[in-house]
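All of the numbers you see were taken from the coordinates with simple rules; none came from a lab. Computed from a prediction, not measured in an experiment: that's the story for all the values here. Here the Cβ positions follow ideal geometry from the backbone for every residue, glycine too, while neighbour counts run over all protein chains shown.
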Amino acid sequence: MSMLDELLRAVLDLSEGKALELTKKLVESGEDPLKILDCVRAAADEIGKKFEKGEYFVADLVMAGEILKGISEIVTPKLREAGKKRKAVGKLLIGTVEGDIHDIGKNIVITMAEASGFEVVDLGVDVPPEKFVEAIKQHNPDIVGLSGLLTLAIDSMKKTVDAIKAAGLRDKVKIIIGGGRVDEYVKEYTGADAWASDAATGIRIMIKLMEEKRGG
Ligand code: B12
């Protein structure tokens, strides 16, 4: 069994000590931080399925959350090193939308965006539409990132885009949505400009959006 498989197993078994120790070993051995994060995603999906089937309970989700957070904290410095440091390509304002408190994925997006030269303003979790609108006025970002993992987050994303439109700010920003439940259909429904279900793709799209913004 490879060390990555062992890590997946340890996360699924919810054995925190072992999972964190394996992550440290993987990082020390020079494993690609993105591969470690892929493993984290795979483990999270499995845990989610077990939760849906009633094999895991909310307490297990909480434990899993702690472990996933611990792993991403160990990997984060490597992710920064791996990202090519360039001069700021733009400003990203990001938050987890109203009603949703999942933030492990959002924080990974932030780390990778910073490593790619974005200046990032993080609004945290459970962010109401009005707070996004106020923050756009205050920080004047190029891109607004809306994160959400719950199905209900889709409606919060739509409300947020609507509020940005109503405030007359829609033309000033590009909006990208991300998280577990997003796809092309959700992008259309919410009125966003782009979507991504993983951080690496999200960053590539954001860089492209910046080029479009400069060009147009
Ligand atoms: C850990 C976890 C928790 C932790 C969260 C801890 C934290 N600080 O974030 C806790 C225990 C708090 C939690 C609570 C709940 N959870 Co929960 N949770 C999970 C779990 C197992 C893993 C999520 C995670 O961290 N994944 C790892 C990260 C790295 O992946 P990620 O979040 O997808 O992020 C990546 C991408 O999505 C993307 N991305 C994310 N944001 C953005 C933003 C932008 C702009 C871009 C470009 C990209 C991007 O990049 C990231 C890196 O690649 C998921 C299962 C799953 N399959 O996701 C369930 C899950 C999301 N939870 C679920 C549920 C139901 C709940 C609760 C309602 C449970 C309850 N009964 O209380 C509550 C809701 C609380 C709330 N109001 O938000 C369901 C949602 C079902 C649904 N369809 O709505 C899931 C899918 C589990 C399941 N299968 O049933 N949860």
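Calculated on the Cα set of segment 1-147, radius of gyration then Dmax: 16.8, 52 Å.
If the limit is 22 Å between Cα atoms, which of K35/K187; K49/K69; K69/K91 go over it?
Details: K35/K187 27 Å; K49/K69 19 Å; K69/K91 25 Å.
Long pairs (Cα-Cα over 22 Å): K35/K187; K69/K91.
Over 28 Å apart at the Cα level, from the set K78/K172; K18/K78; K53/K174; K137/K158; K18/K53, are K78/K172; K53/K174.
Cα gyration tensor of segment 3-82, axes a ≥ b ≥ c as square roots of the eigenvalues: rounded (a/c below 1.5), prolate (a/b > b/c) or oblate? It comes out prolate by the Cα gyration axes. Short-range pairs are left out: with C-alpha atoms under 8 Å and at least six residues apart, the relative contact order of the chain is 16 percent. Candidate membrane-span-like segments in the chain, meaning DSSP H helices with Cα atoms spread over at least 30 Å of their own axis and a Kyte-Doolittle mean of -0.5 or above, are 58-82, with no membrane implied.
Among G90, G178, G30, which one shows the highest mean-square fluctuation when the chain is modelled as a Gaussian network with alpha-carbon springs under 10 Å? Maximum fluctuation in the GNM of the chain, among the listed residues, is at G30. FRET efficiency for the A59 to R181 pair, using the beta carbon distance and R₀ = 30 Å, is estimated at 0.80. Taking amide H atoms as placed 1.01 Å from N in the peptide plane, the amide H of V127 lies under 5 Å from those of T96, V97, E98, G99, D100, each 5 or more residues away in sequence or on another chain. Remark: segment 178-192, residue by residue, has Karplus-estimated 3J(HN,Hα) of x, x, x, 9, 8, 7, 4, 4, 5, 4, 4, 4, 7, x, 7 Hz, where x stands for each Gly or Pro and the curve is 6.51 cos²θ - 1.76 cosθ + 1.60 at θ = phi - 60°. Taking the helices alone, the chain has a mean residue ellipticity at 222 nm of -19500 deg cm²/dmol, built from -39,500 (n - 2.57) per DSSP H run of at least 4 residues and averaged over all its residues. Amide H contacts for Y56 (H built 1.01 Å from N in the peptide plane; partners 5 or more residues away or on another chain; cut-off under 5 Å): F51. Under a model in which nothing but the beta-carbon of Lys, Arg (+1) and Asp, Glu (-1) is charged, the chain shows a dipole of about 880 debye around its Cα centre. For K208, a cut-off of 14 angstrom between C-alpha atoms picks up these aspartates and glutamates, skipping any fewer than 8 places away in its own chain: D142, D193. Working from Cα pairs under 8 Å separated by at least six residues, relative contact order for segment 90-215 is 27 percent.
Over segment 3-82, Cα pairs under 8 Å with separation of 6+ residues give a relative contact order of 39 percent.
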